[in-house]
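Engineer: Please see the structure below; I have some questions.
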Amino acid sequence: MIVFLEGKDEFRLSERVSEFRLTVTPQEMSDINTTMLDGNIVTIEELLTSLSTVPFMADRRLVIVEGLLNRLGGGDKRSAGSKKDLAEWVNLPDLLKDLPPTANLLLIERESIPSNKFLSTVLKLGQVEKFSLLRHRDLVEWINARCAKLGLDIERNAVALIADSVGSELRLIDSELNKIKIYSRGRLITREDITLMVPYVRQQNVFRVVDSVIEGRTRDALNASAMLIGLGESPAGIVRMIERQLRFLILAKHLLGRKIPAGDIGKQINLSGYPLQKTLEMERKISQPKIMSMHDNLLKSNIRVREGKLTEQESFDLLISELH
């Protein structure tokens, strides 16, 4: 069996990989009969050897390869090999047709699979499953399905709040739903219950505000800000949170400029997990001059309010457009 998994939805894709791992039975022999290969460096001999190896005390073997198709199709310019290097793969379609019945091959591509004649021939040998990031309506349906799976009874507007606040971060949503399950003890979960996660929800919306500003999406920044205000935050409070995130960005840029490993940056700026991940993602999107310009505009906004030239809300609305 050959299956191609394509898409940027890491959570749903990883769950699908876990399902394939269950196909190797008995389960206690799954790990020893599963091989992970880096598609950016694997040779065809290594791949064929893994596929042809006889399962050890199990009914089949699972071989998982990530990034190979983008390498062969030139989709990832950093890992694309020379013509001589890739020439060895020219007979891959014919070789895959003769896979032993005990071999399952799972090819994972986080980026879109390049479109060319060679890869089209390869793709015809198996089934393709796509895992694109969920749009809002699909996200709401996914959350509802997840709640049903967990046995959670939840209001529709509570689901909408989760979707609006967190977006497509499915792993985070799943983690929060599992916490809510413990908290709910079988009763109906309301929007008010979700607002108990306000520090978490607010944090996500601060990221959305800053992300939107960095990418020039003023309307999205205003919508995310309105969500925070609807949860009880003041415009001044949002400004303070944006200032805090900008300080993290300045520190991250400084540390990266000193060649500090990304893994050590979190310890130095006291961030970890998702907040650290988002901060490092933002750092790659924004220049130092842009950060300083945003910081100057925040200062001007504070002065406007302090001097009574504009109300807090008026100054905030103006600030969002200035941060563009």
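The values are calculated or read from the model by the stated rules, or taken from the named source; none is laboratory data. This structure is a prediction, so every number in the text was calculated from the model and none was measured. Cβ coordinates were reconstructed from backbone atoms using ideal geometry, including for glycine residues, and neighbour counts include every protein chain displayed.
Engineer: Which pairs turn up if I take residues in the stretch 107-124 that are among the hydroxyl-bearing types (Ser, Thr, Tyr) and look for partners that are assigned to a helix (DSSP H, G or I) with beta carbon separation below 9 Å, at least 6 apart in sequence or on another chain?
Structural biologist: Between residues of the stretch 107-124 that are among the hydroxyl-bearing types (Ser, Thr, Tyr) and residues that are assigned to a helix (DSSP H, G or I), the close pairs are SER112/ASN70; SER115/GLY73; THR121/LEU92; THR121/PRO93.
Yes/no per residue for (1) of a type in the set (Asp, Glu); (2) surrounded by fewer than 19 Cβ atoms within 10 Å (Cβ to Cβ); (3) touching a residue at least 60 places away in the same chain (Cβ under 8 Å); (4) within 23 Å of PRO289 (Cβ to Cβ):
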| position | (1), (2), (3), (4) |
| --- | --- |
| THR218 | no, yes, yes, yes |
| ALA224 | no, no, no, no |
| SER234 | no, yes, yes, no |
| ARG244 | no, yes, no, yes |
| ARG247 | no, yes, no, yes |
| ILE250 | no, yes, no, yes |
| GLY257 | no, yes, no, yes |
| GLY263 | no, yes, no, no |
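Engineer: In the stretch 228-242, is there at least one residue being in contact with a Ser or Thr (Cβ under 7 Å, 6 or more places away or on another chain), more than 19 Å from SER301 (Cα to Cα) and either assigned by TED's automatic domain parsing to the domain that holds LEU310 or part of a helix (DSSP H, G or I) (or both)?
Structural biologist: yes
Engineer: Taking helices (runs of 4 or more DSSP H) that do not extend beyond the stretch 253-324, which have at least 3 residues that are within 16 Å of MET241 (Cβ to Cβ), within 28 Å of the chain's Cα centre (by Cα) and in the same structural domain as GLY237 (by TED's automatic domain parsing)?
Structural biologist: 273-285, 288-306
Engineer: If you scan the stretch 5-33, which residues turn out to be buried (at least 18 other Cβ atoms within 10 Å of the Cβ), in contact with a Lys or Arg (Cβ under 7 Å, 6 or more places away or on another chain) and either outside any helix (DSSP H, G or I) or outside the structural domain of ASP94 (by TED's automatic domain parsing) (or both)?
Structural biologist: LEU5, GLU6, GLY7, VAL24
Engineer: Among what's in the stretch 90-101 and is surrounded by fewer than 18 Cβ atoms within 10 Å (Cβ to Cβ) and in contact with a helix residue (DSSP H, G or I) (Cβ under 9 Å, 6 or more places away or on another chain), pick the residue that is nearest to GLU15 (Cα to Cα).
Structural biologist: Among residues in the stretch 90-101 that are surrounded by fewer than 18 Cβ atoms within 10 Å (Cβ to Cβ) and in contact with a helix residue (DSSP H, G or I) (Cβ under 9 Å, 6 or more places away or on another chain), the one nearest to GLU15 (Cα to Cα) is PRO100.
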